[in-house]
Amino acid sequence: MVAKLDGRVVSWASLSQWSDRCAYSDTAGISIYMKEEYRGKGVGKKLIKEILDQGQKGGLHTIIAQIAGSNEASVRLHGSFGFEHVGTLKKVGKKFGKRDVHIMQKIFYT
């Protein structure tokens with residue numbers, strides 16, 4: 001899913017299979033990217049809302065976000081949609097000069 005302004009792609013989001021094992025068939029990973037100059041303008045909120053709605057309508061139970069340790073804006077964005085911090089993987093990533101990755105989870109139903 002993409003967000004466009006003035007005909008240009010400024011953001012995209014996707015849901016992907018969390019694992020190829022059948023036990024995880026109703027769990028997805030979420031990815032979202034926003035061009036820096038469009039951050040904080042509400043585009044990401046609209047996009048993440050749409051993709052979460054699609055995931056829920058598609059029968060997903062859980063969505064998992066992996067967020068670079070220094071990306072507090074993404075942590076806040078996901079938190080505003082009900083994602084909860086469930087852990088941090090230490091020294092596994094290489095993004096924004098940091099190696100820690102926060103794991104956040106949204107559960108649609110119990």
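The values are calculated or read from the model by the stated rules, or taken from the named source; none is laboratory data. The model shown is predicted, which means the values in this text are computed figures rather than measured ones. Please note: Cβ atoms are built from the backbone with ideal geometry, for glycine as well, and neighbour counts cover all protein chains shown.
Quick notes on this structure:
- Residue tally, condition of a type in the set (Phe, Trp, Tyr) and either in contact with a Pro (Cβ under 6 Å, 6 or more places away or on another chain) or touching a residue at least 12 places away in the same chain (Cβ under 8 Å) (or both), over segment 23-43: 2
- Among the residues making up segment 1-18, a single one is assigned to a loop (DSSP other than H, G, I, E, B), farther than 15 Å from Asp53 by Cα and either in contact with a strand residue (DSSP E or B) (Cβ under 6 Å, 6 or more places away or on another chain) or modelled with pLDDT of 95 or more (or both): Trp18.
- Within the span defined as segment 19-28, every residue fails to be part of a helix (DSSP H, G or I), loosely packed, with under 14 Cβ neighbours inside 10 Å and either on the phi > 0 side of the Ramachandran plot or at pLDDT below 90 (or both).
- Qualifying positions in segment 55-83 - surrounded by fewer than 16 Cβ atoms within 10 Å (Cβ to Cβ), without any contact (Cβ under 8 Å) to a residue 24 or more places away in the chain and closer than 19 Å to Gly44 by Cβ: Glu72, Arg76
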